[in-house]
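Have a look at the structure below before the remarks.
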Amino acid sequence: MADNALHALRVNARELLRVPSSTRRIDEAVEASALGVADPRITGPVEIGLDAVSSIDGIVVHGDISIPWSTACRRCLVEVRGTAVVDVDEIYQDDVSHDEAFPIEGDQIDLAPAVREYVLIELPDGPLCRDDCAGICPVCGADRNESTCECDTSVRDDRWAALDDLDLDD
């Protein structure tokens, strides 16, 4: 599957450029490992839905990439699942004239490096299970989303402890 999926991410640029506004649709499900991404947060195949459209000055690739993921909430460590969806809008040109264009090398455009880059950038780094997640008590370890505790979690700097007994008479 890896070879076939990566083969589908190669677009024959010369064929597309012969007829302006011709389109090639790329609908593939690719395992992250086939893209060279070894990230345990990715829970399934990366879904790729792209259109490569030829124009007068190059090939425009647009569409979206969906990445299913699962990881622990950064505050309470409960499992969080989701799908990162990224919009793709890239241009490939023979003679690069656009600042953000990629060169067409040879007769093909290899979309695998761009897909790999989007996957790595869009994976969430430290998601929350919900916006108001209270996290875990650092003293007793209770999940504060499910119960409350009476632990003293105030942060104290012992270097200033001598001042606690200071009585200033105004």
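The values are calculated or read from the model by the stated rules, or taken from the named source; none is laboratory data. Predicted, not measured: the structure shown is a model, and the values here were computed from it. Reconstructed Cβ throughout: ideal geometry from the backbone, glycine too, with neighbour counts over all protein chains shown. Just the protein is used for accessible areas: all its heavy atoms, side chains included, with ligands, DNA and RNA removed. Shrake-Rupley method; radii C 1.70, N 1.55, O 1.52, S 1.80 Å.
At a glance:
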{"item": "Per-selection Kirkwood Rh - the stretch 117-170 (Cα, Å, 1 d.p.)", "result": "15.6"}
{"item": "Filtered GluC sites (Glu not before Pro), the stretch 6-41: DSSP coil and at most 16 other beta carbons within 10 Å", "result": "Glu31"}
{"item": "Principal axes of the stretch 1-82: Cα extent on each, largest first, Å", "result": "55, 25, 15"}
{"item": "With every protein chain in place, the chain: carbon and sulfur % of accessible area (1.4 Å)", "result": "47"}
{"item": "Per-pair calculated FRET efficiency, R0 = 41 Å: Ser55 and Asp164 via Cβ, rounded to 0.05", "result": "0.05"}
{"item": "Added length on full extension, which subtracts the Cα-Cα distance from 0.36 nm per residue, Ala29 to Arg10", "result": "5.4 nm"}
{"item": "Accessible surface, the stretch 27-166, averaged per residue in Å² (probe 1.4 Å)", "result": "61"}
{"item": "Using a Förster distance of 22 Å, the FRET efficiency for Asp39-Asp131 (Cβ separation, nearest 0.05)", "result": "0.35"}
{"item": "Residue-averaged [θ]222 nm for the chain, counting only DSSP H segments that reach four residues, each worth -39500 (n - 2.57)", "result": "-4000 deg cm²/dmol"}
{"item": "Extension gain, His62 back to Val155 (0.36 nm per residue minus Cα-Cα distance, nm)", "result": "28.5 nm"}
{"item": "Residues whose placed amide H lies under 5 Å from that of Val80, excluding near-sequence neighbours", "result": "Thr71, Ala72, Cys73"}
{"item": "Acute angle (nearest 10 degrees) that the helix 112-122 long axis makes with the longest principal axis of the chain, alpha-carbon atoms", "result": "20"}
{"item": "Val86 paired with Ser21, simple spin-label distance in nm, labels 7 Å along Cα-to-beta-carbon", "result": "3.1"}
{"item": "Gained length - Leu77 relative to Asp110, 0.36 nm times residue gap less alpha-carbon distance", "result": "8.0 nm"}
{"item": "Dipole axis of the stretch 1-122 (+1 Lys, Arg; -1 Asp, Glu on Cβ), positive-most option in Ser22, His98, Gly36", "result": "Gly36"}
